[in-house]
1. Residues of the stretch B:3-15 being closer than 17 Å to B:Ser105 by Cα and either open to solvent by 40 Å² or more (accessible area, probe 1.4 Å) or of a type in the set (Gly, Ala, Ser) (or both), which ones?
2. Against the condition open to solvent by less than 20 Å² (accessible area, probe 1.4 Å) and over 14 Å from the mean Cα position of the chain (by Cα), how does B:Ser75 come out, does it pass?
3. What tally of residues in the stretch B:70-119 results from selecting those that are at pLDDT 95 or above, in a loop (DSSP other than H, G, I, E, B) and within 22 Å of B:Asp22 (Cα to Cα)?
4. Just the residues that are facing chain B (nearest Cβ under 9 Å) and surrounded by 14 or more Cβ atoms within 10 Å (Cβ to Cβ), please, taken from the stretch A:59-72.
5. Sort through B:Val48, B:Val56, B:Val43 and tell me the only one that's farther than 26 Å from A:Phe67 by Cβ, hydrophobic (A, V, I, L, M, F, W, C), at pLDDT 90 or above and open to solvent by 60 Å² or more (accessible area, probe 1.4 Å).
6. If you scan the stretch B:20-34, which residues turn out to be touching a helix residue (DSSP H, G or I) at 6+ places or on another chain (Cβ under 9 Å) and outside any helix (DSSP H, G or I)?
7. Go through the stretch A:104-129 residue by residue and tally those that are within 7 Å of chain B (Cβ to nearest Cβ) and open to solvent by 10 Å² or more (accessible area, probe 1.4 Å).
8. Take the conditions within 30 Å of B:Phe121 (Cβ to Cβ), touching an Asp or Glu at 6+ places or on another chain (Cβ under 8 Å), open to solvent by less than 20 Å² (accessible area, probe 1.4 Å) and away from chain B (no Cβ under 12 Å) and apply them to A:Ile82. Does it pass?
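The values are calculated or read from the model by the stated rules, or taken from the named source; none is laboratory data. Model, not experiment: these values are computed from the prediction. All Cβ positions, even for glycine, are placed from backbone atoms using ideal geometry, and neighbour counts span all protein chains on display. For accessibility, only protein heavy atoms count, side chains too; no ligands or nucleic acids. Shrake-Rupley method; radii C 1.70, N 1.55, O 1.52, S 1.80 Å.
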2 protein chains.
Amino acid sequence: MAAVDFPGIAKQFVEHYYTTFDTDRKNLATLYRENSMLTFESVQQLGVNNITEKLVSLPFQKVKHQFAEPDAQPSPSGGIIILVTGQLVRRDFQVDDESRPLPYSQVFQLCQDANGAWFVFNDVFKLVLG
Amino acid sequence: MAAVDFPGIAKQFVEHYYTTFDTDRKNLATLYRENSMLTFESVQQLGVNNITEKLVSLPFQKVKHQFAEPDAQPSPSGGIIILVTGQLVRRDFQVDDESRPLPYSQVFQLCQDANGAWFVFNDVFKLVLG
């Protein structure tokens, strides 16, 4: 079996994730499963339906993620831990009263399903307030 | 078996980790094992000795971590994924020429060893540049 290219998978995943998020967020549903977890600004969701609903209902309607090269490590279960830091640029905000970019960090753990496809098992998103 | 209190363990761990870091960094060695990984500002270390050497040799000699309540999730292997965001306050810097607090984020995965003690399997630290 070939060695898993953790950094390559992480980079590809993160680019795909944020491109999907910034164009049509509901399509993120394909990346989660029934046992996936999301903690978004300390509010927890379990399962693909709850997670997708949460992401689609976030106050900012148009957003762009600008992010640095992610860091990745293998985890004991054969998954991949990914840490991303970046900035959230809101292009059309409805609730927040300022438009400066918001620094954030996000950690994902990717796991493989029975078919070998990578999905998001753990997802924790947090704004970094200076 | 009692349910594992993930948020409680995460909070206790993070407080212990940063108190140790800010008082006598070399004592962090007790929290890592031979298969632990550290990615510090995208530079990777493997194993307790390399990790401790890296942490002890960081340019800032006195530092204080100010951090928000961590977010925690269980991982598939029975571990705990923890995301912390905070600020690094250097009290005596030798290399950097500015002393403003540096926003950072750090993700840990804690696992249990054969004796049931929690240790750091994954550790990724990254400054969040605005």
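1. Within the stretch B:3-15, B:Ala10, B:Lys11, B:Glu15 qualify.
2. Working: open to solvent by less than 20 Å² (accessible area, probe 1.4 Å): yes; over 14 Å from the mean Cα position of the chain (by Cα): yes.
Spelling it out, B:Ser75 is indeed open to solvent by less than 20 Å² (accessible area, probe 1.4 Å) and over 14 Å from the mean Cα position of the chain (by Cα).
3. Matching residues across the stretch B:70-119 total 1.
4. Of everything in the stretch A:59-72, those that are facing chain B (nearest Cβ under 9 Å) and surrounded by 14 or more Cβ atoms within 10 Å (Cβ to Cβ) turn out to be A:Ala68, A:Asp71, A:Ala72.
5. Working: B:Val48 fails: open to solvent by 60 Å² or more (accessible area, probe 1.4 Å); B:Val43 fails: farther than 26 Å from A:Phe67 by Cβ.
So the residue among B:Val48, B:Val56, B:Val43 that is farther than 26 Å from A:Phe67 by Cβ, hydrophobic (A, V, I, L, M, F, W, C), at pLDDT 90 or above and open to solvent by 60 Å² or more (accessible area, probe 1.4 Å) is B:Val56.
6. B:Tyr32, B:Arg33, B:Glu34
7. The qualifying residues number 3.
8. no
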